[in-house]
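This report concerns only the one structure given below.
The values are calculated or read from the model by the stated rules, or taken from the named source; none is laboratory data. Computed from a predicted model, the values in this text were never measured in an experiment. For neighbour counting, all protein chains shown are included, and Cβ atoms are generated from backbone atoms with ideal geometry for every residue, glycine included.
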């Protein structure tokens, strides 16, 4: 009975260290945010809860900085935890790109979440003015909680977690672009119309695609390691990772080249992403031989849905915007299914009874 007790410290030490470091990051960020809030309160700057350079804007700025720094530190420190040693072997440039993508995703999600929270509070407390006490407390809590959550998230990145982060980031960033667009009829043209207005909406839309593309390249690092642990051939791993990297690069290029800047490169980038998606769907049984049969059935279902959506678009049942939304949903839905099956493939089934 002594074996489990002896193994416990080794298994829990990284978690205990991460929790302690996350709490330290929250404390430092909370104190810094509180000092910033006290300064705002004493000077009367940002006393309004919502508006131009209101408290909400300052809170979002402080939370974003706290989350970004904490995410960078947490992601860097996680290289020393059990099971993450392989990250120390990747090239410097790939590690820098992966860190940047993780930081951008956490910072952007924090900014959007903070602004959304204070938008709700402003609707709940209409006309409220904050004094020095409340600016100090609220900014300390906002910065501290943001740092704490970002540190925990970035230090425990796995393939499944980064998939969730990727889908959340793309979805929330796109919705924010739709909500802030200057053209309420954008959907009558195509989805990429959101990136053509040279305003906040376009910045959010194009920036989300570029950062999402970087995050996909980080995602491939974890996919490769999981496939290697599954016993997949190096040839299969290379095909999968290169295809996913191309998808990430093409996704970023869709944001780099909006349709009003260069329609040809924009369309080529979108087509390249779709081509890699088709390659992984159709060629899956020959590329990933260690994946379970149930996954390939799911992949064929995604392929059938893609073909059906193409047919419905061609016959005019729905427009280009709806078609683009469906294709994006299929791609990221497939990614989620692929990761879940990859994580359980090779695990022994529990015996009945």
- Query: What do you reckon, is residue 49 farther than 25 Å from residue 151 by Cα, surrounded by 16 or more Cβ atoms within 10 Å (Cβ to Cβ) and assigned by TED's automatic domain parsing to the domain that holds residue 106?
  - Reply: yes
- Message: Scan the range 191-209 and tell me whether some residue there is under 29 Å from residue 227 (Cβ atoms), touching a residue at least 12 places away in the same chain (Cβ under 8 Å) and buried (at least 16 other Cβ atoms within 10 Å of the Cβ).
- Response: yes
- Item | Subset of the range 62-91 that is in contact (Cβ under 8 Å) with a residue 12 or more places away in the chain and closer than 13 Å to residue 221 by Cα - its residue that is surrounded by the most Cβ atoms within 10 Å (Cβ to Cβ) | 87
- Output the residue which, of all residues in the range 92-108 that are under 25 Å from residue 206 (Cβ atoms) and either outside the structural domain of residue 22 (by TED's automatic domain parsing) or over 16 Å from the mean Cα position of the chain (by Cα) (or both), is surrounded by the fewest Cβ atoms within 10 Å (Cβ to Cβ). 93
- Query: Within the range 52-91, how many residues are within 24 Å of residue 109 (Cβ to Cβ) and either in a helix (DSSP H, G or I) or outside the structural domain of residue 101 (by TED's automatic domain parsing) (or both)?
  - Reply: 26
- Message: Scan the range 61-81 and tell me whether some residue there is more than 28 Å from the chain's Cα centre (by Cα) and modelled with pLDDT under 90.
- Response: no
- Check whether at least one residue in the range 154-168 is crowded, with 22+ Cβ neighbours inside 10 Å, farther than 22 Å from residue 334 by Cβ and in contact with a helix residue (DSSP H, G or I) (Cβ under 7 Å, 6 or more places away or on another chain), and report yes or no. yes
